[in-house]
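Encoded as structure tokens, the structure appears first; notes follow it.
The values are calculated or read from the model by the stated rules, or taken from the named source; none is laboratory data. No experiment lies behind these values; they were computed from the predicted model shown. No Cβ is skipped: glycine too gets one built from the backbone with ideal geometry, and neighbour counts run over all protein chains shown. Ligands, DNA and RNA are excluded from the accessible area calculation, which covers all protein heavy atoms including side chains. Shrake-Rupley method; radii C 1.70, N 1.55, O 1.52, S 1.80 Å.
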Amino acid sequence: MELDKIEEKDLKMGKANQDVFSETLQALAETDKSIIAVTSDSRGSGKLVPFGEKYPKQIVEVGIAEQNLVGVAAGLASAGKKTFAVSPACFLSARALEQIKNDVCYSDNPVTLVGISAGVSYGALGTTHHSLHDYAVLRAINNIIIVAPADNFETEQAVRLAAKTKKPIYMRFGKKAMPFLSEENKTFEFGKGRVVREGADLAIIACGETVYPAWLAAKKLEDELGIKTTVVSMHTIKPLDVKLLETLASNGRPIITVEEQMVNGGLGEACASYLFQKGFRNKFKIVGILDDYTVTGSQGEIFKHYGISQDGLFKTCKELLDF
Amino acid sequence: MTHKELKLKSVLLRKNLLKYIYKAKAGHTGGSLSCVDTLNVLYNRVLNVDPTDFKNPNRDRYIQSKGHCVEALFVTLADRGFFPESDLETLCKYQSHYIGHPTKKVNGVEQNTGALGHGLPICVGEAIAAKLDNKTHRVYTLLGDGELPEGSNWEAFLSASHYKLDNLYAILDNNKQQITGYNKDVMNTDSVREKLEAFGWAVKEVDGHNLEELENALNNGPFETGKPNFIIAHTIKGKGVSYMEGVTKWHHGVPSAEQYALALSELTAAEALI
């Protein structure tokens, strides 16, 4: 099952964010010879085959060895290379976690860690291939920016910005084509959420590929019930845009967070923790993958099972508003 | 520096590392004593590094994978002028940068290490970058024999030979012991030479306490064009202090006042014989 279908008139369909990542990196590599992609037999799924063919001196293959992938990337970055270490998010953020913690973050080597086929993108391949822990584990590590772009615009901006940012960064992408979520808001900065729809009754804060179903749910709420919803692509999970959070919470509206992540320790808990400690008591709901034996199925089916869909979020929002 | 002066330096560095371990009441004594001759040769005979221009992109890189033996590194760096030796009075003290493992907060330290099996992969990245940029500097790491079972080392061994990194030098401080006892009893890593040769490295074995042998090996690479260099430095844990030599408990044992005095007197006696 695909993700929710959209009507052409509402949103312009784009490509998979993963594809935009590789195209952007290739475009940057053409003029910036210090850009290096490091891969762990992952250039196929990372869509980096054309990159490797065009710039063979700018790709370092380490084979299926994620610890070495990150260690080597740290060494390359330390030597001045703009290094993008590309591997499935599930392996990169678990197998190589100690290398991320020590060799990249603690040693402050400016590697951009790129988790591909993130979240439940691998669908029926199962839990071994899901990355539902990466936000939580990386949030607990000092000195890393965590980014999950929602659409092709954010993806391109994130990759371009990463090439200019001399700090450790983790960014992750999925495999499904994503629509452009806002033609109006064309601002992008790490640590600044992007408002893609505005309304005073409710706020949905989402990241990555869940911003799209959040947007669809907001549209349905308005079309069917007249409920006006603000939808934020909180593409940077760390550092969190706390100023925007406070603005959203200040009128007392209910807040829903959505993420392709286990609900423990991710975007939702980051938002809840901040707001609660600041004294906000808005109604609050975290939507994500529950802490259970993850249901099997395609990405769309898993999303639907956990209510990360237009109808699921529509229902959750209605309930939160006692509608 | 004459060879005699270099030998005297090794004794001085032993005295210094014992002094700061004794003062801090913490440290990895046995391993620091086994690898300090290697560090002496590296910093006084081999590495192209300048304490006043440490960030020079053309410098040789030295990344200490066996980060726990930081006391040997710190006293060597202090002696080479990277920072005043008096800084080491703060070793392991609150808010000091001189902690129990190397950190880049200390002038002369390339990378933050301490978790084992991390140094070599970073060196592989550094060595690939040097090759890509046609630079001639060399990249060195010091591995402990106790950290050889870490799988990341073997991932890095593979990639170093795959990329023909003959600008990379891995030195094994082969003191044969680790915190629990002898390597062969904890996890047998015998036949290292054969293993590394099978992985495509060029291997040399030296007496890790013979400064000339160390210098000859470290300054006469690459051993084979297109192959990374592996130096097995046969060493003795606790080398230089009779009651520490080969005794496992000195892995991170701290001497008492009497033991410290005895160690110093033994080292002073050794000095007189040089």
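Observations on the structure shown:
- Residue in the range A:108-120 that is nearest to the other protein chains (Cβ to nearest Cβ), counting only those that are out of contact with any Asp or Glu (no Cβ under 8 Å at 6 or more places or on another chain) and either more than 30 Å from B:Pro102 (Cα to Cα) or modelled with pLDDT under 95 (or both): A:Ile116
- Selected residue [within 14 Å of chain A (Cβ to nearest Cβ), within 16 Å of the chain's Cα centre (by Cα) and hydroxyl-bearing (Ser, Thr, Tyr)] from B:Thr141, B:Thr136: B:Thr141
- Qualifying residue in the range A:179-189 (condition: within 19 Å of A:Cys207 (Cβ to Cβ) and among the basic types (Lys, Arg)): yes
- Evaluating A:Val295 against the criteria (1) assigned to a strand (DSSP E or B); (2) more than 15 Å from the chain's Cα centre (by Cα) leaves one unmet condition, (1).
- Some residue of the range A:60-77 being more than 8 Å from chain B (Cβ to nearest Cβ), surrounded by fewer than 24 Cβ atoms within 10 Å (Cβ to Cβ) and more than 20 Å from B:Ala156 (Cα to Cα): no
- First in the range B:97-110 and in contact (Cβ under 8 Å) with a residue 60 or more places away in the chain, second anywhere and assigned to a loop (DSSP other than H, G, I, E, B) and open to solvent by 60 Å² or more (accessible area, probe 1.4 Å), Cβ under 8 Å, 6 or more apart: B:Gly100/B:Cys92
- Options B:Glu110, B:Glu126; residue that is over 19 Å from B:Cys69 (Cα atoms) and either assigned to a loop (DSSP other than H, G, I, E, B) or within 12 Å of chain A (Cβ to nearest Cβ) (or both): B:Glu126
- Among residues of the range A:223-236 that are closer than 13 Å to A:Leu181 by Cβ, those with a beta-carbon under 6 Å from a residue that is of a type in the set (Asp, Glu) and part of a helix (DSSP H, G or I) at least six positions away or on a different chain give the pairs A:His235/A:Glu154.
- The residue of the range B:132-163 that is farthest from B:Leu211 (Cα to Cα), among those that are surrounded by fewer than 17 Cβ atoms within 10 Å (Cβ to Cβ) and among the charged types (D, E, K, R), is B:Asp133.
- Test: residue in the range B:83-99 that is surrounded by fewer than 24 Cβ atoms within 10 Å (Cβ to Cβ) and within 14 Å of chain A (Cβ to nearest Cβ): yes
- So A:Val104, is it within 14 Å of chain B (Cβ to nearest Cβ) and open to solvent by less than 10 Å² (accessible area, probe 1.4 Å): yes
- Annotation: A:Ser34 fulfils all but one of (1) open to solvent by less than 10 Å² (accessible area, probe 1.4 Å); (2) at pLDDT 95 or above; (3) polar (S, T, N, Q); the unmet one is (1).
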